[in-house]
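Just below is one structure, and these are the notes that go with it.
Any read-out appearing in this document is the output of simple, stated calculations on the displayed coordinates, not a laboratory observation. Just so it is clear, the structure is predicted and the values come from calculations on it, not from any experiment. We place every Cβ from the backbone using ideal geometry, glycine too, and count neighbours over all the protein chains shown.
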């Protein structure tokens, strides 16, 4: 839905932060997101927020982050996603795997 800022070229490492709206808590959404992220070699986290959204933070190659973002919007995720708002920034590093919080 909303792109806040642009990352660099496709091969660069970036950080994607995505806020997923809809019925996405208590339906296996974070587990599903973690599995898709690990399949793409991404690191980060899927975190439940108090307001019912899930925040997804992923770092890796831009193309892999774009693929994850597409999957979040695809309609294949558990629950019912109504919107995904994204923000792109430079990778910060320091992450070693993808976790559910």
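What angle do you read, to the nearest 10 degrees and between 0 and 90, between the alpha-carbon axis of helix 62-73 and the longest principal axis of the chain?
Between the helix axis and the principal axis of the chain, the angle is about 10 degrees.
Return the distance in nm (one decimal) between the two label points of a simple spin-label model at residue 97 and residue 51, each offset 7 Å from Cα along Cα→Cβ.
Computed distance between label sites residue 97 and residue 51 equals 3.1 nm.
Classify segment 44-101 from the C-alpha gyration tensor, please: rounded if a/c falls under 1.5, else prolate or oblate depending on whether a/b exceeds b/c. Mind dumping the intermediate values first?
Numbers: a/c = 1.87, a/b = 1.32, b/c = 1.41.
Because a/c hits 1.5 or more and a/b fails to exceed b/c, segment 44-101 counts as oblate.
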